1. How much net charge surrounds A:Leu102 when only other residues with a Cβ under 13 Å from its Cβ are counted (Lys, Arg +1; Asp, Glu -1)?
2. Where both partners of a DSSP beta bridge lie in the protein assembly as shown, what percent of those bridges are antiparallel, to the nearest 5?
3. Please report the net charge: other residues with Cβ closer than 11 Å to the Cβ of B:Glu79, K and R +1, D and E -1.
4. Could you tell me the calculated FRET efficiency between B:Lys9 and B:Ser148, based on Cβ-Cβ distance and R0 = 30 angstrom, to the nearest 0.05?
5. Provide the percentage of antiparallel DSSP beta bridges, counting only those with both residues in the stretch A:2-132; round to the nearest 5.
6. Which residue, A:Leu88, A:Gly34, B:Ile137, has the largest displacement toward the positive end of the dipole of the protein assembly as shown when charges sit on each Cβ (Lys, Arg +1; Asp, Glu -1)?
7. Magnitude of the Cβ-charge dipole of the stretch B:71-168, K/R +1 and D/E -1, about the Cα centre, nearest 20 debye?
8. Can you sort A:Thr118, B:Thr57 from fewest to most other Cβ atoms within 10 Å of each residue's own Cβ?
Amino acid sequence: MRVLAYGDIMDGGISVFNSVARIDGAKLIFSFNGVIRIDNPYRQLEGFLRELEEILSKEKIDEVEFDFNELNFCNSNGFYVIMDITELIINKIQGPIVVKRLKDDDWQQETLPILLNTDEPEINERTTFIDISEI
Amino acid sequence: MITEEDLAKTRISMRYDFSPIRNIIGDLSGLTGHFCEELIGSFYAKNISRKANIVVTELLNNAIKNNVDGDSNIVVEVEINEERLLIRVKNVVHKEQFEKVKAYVDMINSSKDKKKLLADTIRRRRKVRLKGGLGLIRLVAENKFRISVDYGSPFLIVESQFLLGGLR
């Protein structure tokens, strides 16, 4: 397993977004960690998205795992951050998508499928959700 | 021995009154929401305490962003017992702002498919790179709260209530 990118975006001295992209064989594992509390979702993200796209272009990847298990909170402006990142990856990698999410978290159960655009048949067909219970 | 069931009958009430608003320079909504989650989570299940964090964060953030009088105050009230979780946020607004918020809340409450309304709103706002505008609808569509608004001049009062029946 290799780490491809580590995203720790700061705003006003506070970490507003933290993520790790790792590769395991031909599988990309993208983890969202901590809390996303962001005021302007577009300001900080552009550079990270550009860098991520460049990195992914150099890799041979045929499946994706999004891991939200360690994401404890996401404010509503943070939704756009998740959409921008996941859309880039989903468009770039045409393969199965596994989404690990918390079973008892309203936003991960109710809103996350909207952010991942799973009502698009093409995306829905290749997406599997795995619900994780916290101990 | 105190069981989880006993703990989930604990009555808690909190009231914060912040003034003047102009002095709020840090992430007050995040701090207050997180504290409410931690405190409520000491007694109630995680899925309930998380709801408190989301609602306090979104409502307090709205109140701070839309403040019209830096000298005024914002009041946050949180009450939980075995029946319900209630969160009320009051802040000073112009009457026209209240009318606008009321029309928006009425629209949310009258929507037959609130999840679709949330999805459509997210996509529409993202397309034109707008930020914000999702807090209230999120509370209803995602967190299953009932929301209502009132005006006690000069205060806008937004109240969110979640009935705990079956979730303890």
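Every read-out reported here was derived from the displayed coordinates using simple, explicitly stated rules and does not represent laboratory data. Only a predicted model underlies this, so the values are computations on that prediction, with no experimental measurement involved. Methodologically, a virtual Cβ is constructed for each residue, glycine included, from the backbone with ideal geometry; neighbour enumeration extends over all protein chains shown.
1. Details: positive: A:Lys100, A:Arg101, A:Lys103, B:Lys46, B:Arg50; negative: A:Asp67, A:Glu70, A:Asp104, A:Asp105, A:Asp106, A:Glu110, A:Asp131, A:Glu134.
With Lys, Arg at +1 and Asp, Glu at -1, the neighbours total -3.
2. For the protein assembly as shown, the DSSP antiparallel bridge percentage is about 70.
3. Taking every other residue near B:Glu79 into account, the sum is +1.
4. It comes to 0.70.
5. Beta bridges within the stretch A:2-132, antiparallel portion: roughly 45 percent.
6. So the residue furthest toward the plus end is B:Ile137.
7. Details: 21 positive and 13 negative charges, 179 e Å.
Computed about the Cα centre, the dipole is about 860 debye.
8. A:Thr118, B:Thr57
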